[in-house]
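Input: a single structure, listed below in structure tokens.
The values are calculated or read from the model by the stated rules, or taken from the named source; none is laboratory data. Everything quoted here is computed from the prediction, not taken from an experiment. Every residue, glycine as well, gets a Cβ built from its backbone with ideal geometry; the counts of neighbours run over all protein chains shown. These area figures cover heavy atoms from the full protein model, side chains too; ligands, DNA and RNA do not enter into them. Shrake-Rupley method; radii C 1.70, N 1.55, O 1.52, S 1.80 Å.
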Amino acid sequence: MSAYPTVRFLLSANHAQQFPGDSGVEVAVAGRSNAGKSSALNAITQRQGLARTSKTPGRTQLINFFELAPGRRLVDLPGYGYAKVPPRMRAHWQELVGGYLETRNSLTGLLLIVDCRRALNDDDRGLIAWARQRGRRLHVLLTKSDKLTRHEARQQLRQVASELDGGATVQLFSAVSKEGVEEARHALQALLENKKNPVVRLTEPPGQTNPAWG
Ligand code: GDP
């Protein structure tokens, strides 16, 4: 039985116009390609094959929306850090994902997937800084913990926690051994329930005044 019995794939978007309606709450899942994002999503939702896993870095360039329950979504952002793609594709990624992050009102928090054998990279740090700036909560999953010894995994956890300095929460996770899966579900739930600081749109609809602009 899935932790989310009615979980279902909603749609893939290549442009902002294809995003589903911006109501309810959603948590976006980000991470560099091959970090183990799809495997983590499948383990958390207990639906093998919900998110596609792949050995090809950067194969999935779309934003994939899943409905966990009515009005609650999980959003699989395309993996970043794929240095080999042509600049044109990189620019499209930035426009698509940047546009999503900047305009999405229902986005309550982010799950950041990091391979526990690697340190945070500049893309990870950029996302963490963005989340802090915009008042979005962020939880880090240090995935593939089964690939390290207990001692190494704890050390890595301590190091990332100290770098995050209280600005985000972090845990060990493995889609293989299932370490931390329950903890990740709780974290996801907490992110979904903490809606705050709705996005202030930088453009006003014609004929309306936005009180936030004074
Ligand atoms: P994505 O590109 O971030 O979606 O990563 P995937 O979920 O497709 O995983 C990339 C590779 O890492 C695949 O070969 C997975 O089988 C493997 N992988 C993912 N999670 C784990 C894990 O927790 N433990 C181990 N040992 N391998 C994993």
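For segment 150-187, give me each residue that is away from the ligand (no atom under 15 Å from the Cβ), in contact with a strand residue (DSSP E or B) (Cβ under 7 Å, 6 or more places away or on another chain), small (Gly, Ala, Ser) and within 20 Å of residue 108 (Cα to Cα).
If the condition is that a residue be away from the ligand (no atom under 15 Å from the Cβ), in contact with a strand residue (DSSP E or B) (Cβ under 7 Å, 6 or more places away or on another chain), small (Gly, Ala, Ser) and within 20 Å of residue 108 (Cα to Cα), then 168, 187 are the ones that fit.
Checking residue 64 against (1) part of a loop (DSSP other than H, G, I, E, B); (2) more than 8 Å from the ligand (Cβ to nearest atom); (3) modelled with pLDDT under 95; (4) not β-branched (Val, Ile, Thr), only one condition comes out false. Which one?
(1)
Could you tell me whether any residue of segment 186-205 is open to solvent by 90 Å² or more (accessible area, probe 1.4 Å), aliphatic (A, V, I, L, M) and modelled with pLDDT of 95 or more?
no
Can you tell me which residues in segment 131-167 are open to solvent by less than 30 Å² (accessible area, probe 1.4 Å) and farther than 18 Å from residue 35 by Cα?
131, 135, 136, 164
In segment 1-38, which residues are open to solvent by 30 Å² or more (accessible area, probe 1.4 Å) and within 13 Å of the chain's Cα centre (by Cα)?
32
Being more than 10 Å from the ligand (Cβ to nearest atom), under 19 Å from residue 97 (Cβ atoms) and part of a loop (DSSP other than H, G, I, E, B) is true for just one of 20, 5. Which residue is that?
20
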